[in-house]
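Enquirer: One structure coming up, written as structure tokens, with questions to follow.
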Amino acid sequence: MIQTRNPALEGAFWKIISCLAFAGINGFVHHLAHHSNALRLPPAELAFFESSFGLLFMMPWFFTHGLESLKTQHLKLYCLRAIAAAGGILLWFTSLKDLPLVQVIALKYLSPFLVLGGAYFFFRERLDTPRILAIVFAMGGAILITANDAIKPHPVYGCIFNWTLLLPVGAAVCIGISTLIAKQLAKTEKASTMSFYLLAFTMPIFFAISIPTWITPAPDQWGPLMIMGGLVALAYYALSRAFVVADLIYLIPLSFTRLIAAALIGMIFFDEWPTLLVGVGSFLILMASVGLYRSESHLKKVTP
């Protein structure tokens, strides 16, 4: 029997899995750094424990496959990816400490501009009208979601720009760079190998940065930290698998699944209710994702 696989569907599946896992991580970070009734852990320390426990969850894979699975000729690329990812995660976790979940996730979608251009110029991936329109509509939705909080009151100047909103923008740039490097690595590297190196190389970076502000977690915080580790191992693996089977630009709109999940987490656990603009923006993002998927489905051929 001839088995068929649809790269578009397979890539979408793994991308959505990674988005849901990342949304869960964001919820835990938002709680531990902002809403926790006990100690509020610094962002760098949260990132360190996330990487540490994530690496721990990958140990069964490592012991099964041994050192042979870590052989690579791209250590420089892995190092560059780790530096970019570490910068993005630190800015991301800091913004989760100060901003509502759904706003932080929405601003993350400025990164497609960088990824879109990079994928076209570096990888020569197709950049046609449906893809451009999908990204533009999705970005418009993200802008609507954050419109209400771009300006905040100030006792002297009356109102000022909310500079905290630039934290997730900076994170988006770093994440975009890390994504481009990951796409390059995915041409020759296995998903599990890429995940292992990312966790292993970012962990010492986070540890060094967290030392000056170190706070020993409370007993009831260790459980969420361990769950974060498991989720990040799953998220990195799923994301790497998505990069292997699907075009990078096609995967971008699917990441908006994370926005919907973040909105639900914010409402259920933190009483952060989206506004009308959030609803309209989310609808634009959803329509952009559906439109792009339909366009890609017509172009992708089922391969044996």
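The values are calculated or read from the model by the stated rules, or taken from the named source; none is laboratory data. All figures in this text were calculated on a predicted structure; none of them were measured in a lab. Every residue, glycine among them, receives a Cβ derived from its backbone with ideal geometry; neighbour counts consider all protein chains shown. To get the accessible areas, we keep the full protein, side chains included, count just its heavy atoms, and leave off ligands, DNA and RNA. Shrake-Rupley method; radii C 1.70, N 1.55, O 1.52, S 1.80 Å.
Enquirer: How much accessible surface does LYS187 have with a 1.4 Å probe, in Å² rounded to 10?
Expert: Surface accessible to solvent at LYS187 totals approximately 130 Å².
Enquirer: Another one. List the chymotrypsin sites (Phe, Trp or Tyr not before Pro) in the range 161-242 that DSSP assigns to loop (not H, G, I, E or B) and whose Cβ has at most 14 other Cβ atoms within 10 Å. Which are they?
Expert: Passing both the DSSP loop test and the Cβ count: TRP214.
Enquirer: Can you give the accessible area of MET267, probe radius 1.4 Å, in Å² rounded to 10?
Expert: My reading of the accessible area for MET267 is about 50 Å².
Enquirer: Report the paramagnetic label zone for MET267: residues of the range 83-104 whose backbone N is under 17 Å from a point 7 Å from Cα along the Cα-to-Cβ axis.
Expert: Only 100-104 pass the distance filter.
Enquirer: Give LYS76/LYS190; LYS15/LYS190; LYS15/LYS183; LYS76/LYS183 a once-over and call out the pairs whose C-alpha atoms are over 18 Å from each other.
Expert: The pairs that break the limit, which is 18 Å between Cα atoms, do not exist here.
Enquirer: A follow-up question, please. May I ask you to derive the FRET efficiency for TRP214 and LEU276 from their Cβ-Cβ distance with R0 = 41 Å, giving the value to the nearest 0.05?
Expert: The computed FRET efficiency comes out at 0.45.
Enquirer: A further question follows. Grab the Cα-Cα distance for LEU80 and ASP128, subtract it from 0.36 nm times how many residues apart they are, and report the gain in nm with one decimal. Provide the component values of the computation, followed by the final result.
Expert: On the way: separation 48, 0.36 × 48 = 17.28 nm, distance 2.97 nm.
In short, 14.3 nm is gained.
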